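For reference, the structure is listed below as structure tokens.
The values are calculated or read from the model by the stated rules, or taken from the named source; none is laboratory data. Every value quoted in this text rests on a predicted model; they were computed, and no experiment measured them. Note that we place each Cβ from the backbone using ideal geometry, even for glycine, and neighbour counts take in every protein chain shown. Calculation scope for accessible area: heavy atoms of the full protein, side chains included, ligands and nucleic acids excluded. Shrake-Rupley method; radii C 1.70, N 1.55, O 1.52, S 1.80 Å.
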Amino acid sequence: MSITADFRLYEFSLERVTNSGRYLGHRFYWKLFFLENVFRILINSILTVSQGPDWWQLAVNETIRKDVERFRGQYSKKAWRSNSIKHGLYYVGLSDLSEIMRANADFIREVIPEIDDWLINIEALRIPRNTLAHMNYPNVTDLDLIEKLYNLSRHLIPKLSMKRIQPLIPE
């Protein structure tokens with residue numbers, strides 16, 4: 001597949017805008033979806049085992065929990081627009097996922113010894129993620145980072161089974 005250039009570098013063309021969006025969505029956006037949801041599954045799986053099914057109240061700081069309740073309230077007022085989302089992990093973004101992992105690094109380190117490296121990688125991913133999620137065109141360095149972290153993250157879930165932890169999708 002040839003690389004589709006950033007449409008903003010050329011004279012306006014609907015076809016260029018369409019091709020840029022298709023390229024980024026087909027090649028990169030779904031990898032961000034994968035990354036964020038793998039982090040949610042890891043957090044939920046590890047903290048359920050280490051702290052029990054009510055880990056959310058024990059392991060997540062009050063600021064994040066209050067933000068989640070605010071978002072949950074906003075979504076519930078427009079329930080006709082979205083699916084009902086239950087678990088707080090679905091209301092948090094990459095920064096909050098990183099903070100939950102950092103705050104619980106001792107538990108997570110038992111499964112993922114390189115958690116500190118992952119926290120650094122997640123921080124580095126924030127700008128490329130936000131750039132793409134806000135429908136802008138990331139630069140080549142940012143796209144390479146998304147690709148690299150996606151490839152590395154594919155090895156995280158198997159680490160759960162090595163510790164005999166069942167992957168648990170947050171409900």
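Being farther than 28 Å from ILE146 by Cβ and open to solvent by 50 Å² or more (accessible area, probe 1.4 Å) is the filter here, so list the residues in segment 34-49 that pass it. Explain how you work it out, then say what you get.
Taking segment 34-49 first, the residues farther than 28 Å from ILE146 by Cβ are 48-49.
Selection gives VAL49 alone.
Only residues that are within 15 Å of TRP30 (Cβ to Cβ) and of a type outside the set (Val, Ile, Thr): list them for segment 136-148, please. Give the steps one after another, and end with the answer.
First pass over segment 136-148, keeping only residues within 15 Å of TRP30 (Cβ to Cβ): 138, 143, 146-147.
Answer for segment 136-148, where residues must be within 15 Å of TRP30 (Cβ to Cβ) and of a type outside the set (Val, Ile, Thr): PRO138, LEU143, GLU147.
Hey, does segment 75-91 have a residue that's in a loop (DSSP other than H, G, I, E, B), of a type in the set (D, E, K, R), in contact (Cβ under 8 Å) with a residue 40 or more places away in the chain and open to solvent by 30 Å² or more (accessible area, probe 1.4 Å)?
yes
Kindly list, by first and then second residue, each pair from a residue in segment 92-113 that is in contact (Cβ under 8 Å) with a residue 60 or more places away in the chain and surrounded by 18 or more Cβ atoms within 10 Å (Cβ to Cβ) to a residue that is assigned to a loop (DSSP other than H, G, I, E, B) and not acidic (Asp, Glu), limited to pairs with Cβ atoms under 8 Å and residues at least 6 apart or on different chains.
Pairs that qualify, where the first residue is in contact (Cβ under 8 Å) with a residue 60 or more places away in the chain and surrounded by 18 or more Cβ atoms within 10 Å (Cβ to Cβ) and the partner is assigned to a loop (DSSP other than H, G, I, E, B) and not acidic (Asp, Glu), are VAL111/LYS163; VAL111/ILE165; ILE112/LEU156.
Okay, residues lined up against (1) under 30 Å from PRO53 (Cα atoms); (2) open to solvent by less than 30 Å² (accessible area, probe 1.4 Å); (3) modelled with pLDDT under 95:
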position	(1), (2), (3)
MET135	no, no, yes
ASP144	no, no, no
GLU147	no, no, no
TYR150	yes, yes, no
LEU156	yes, yes, no
SER161	yes, no, yes
GLN166	yes, no, no
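Examine segment 118-133 for a residue that is assigned to a helix (DSSP H, G or I), touching a Pro at 6+ places or on another chain (Cβ under 7 Å) and aromatic (Phe, Trp, Tyr), and state whether such a residue exists.
No; the residues of segment 118-133 include none that is assigned to a helix (DSSP H, G or I), touching a Pro at 6+ places or on another chain (Cβ under 7 Å) and aromatic (Phe, Trp, Tyr).
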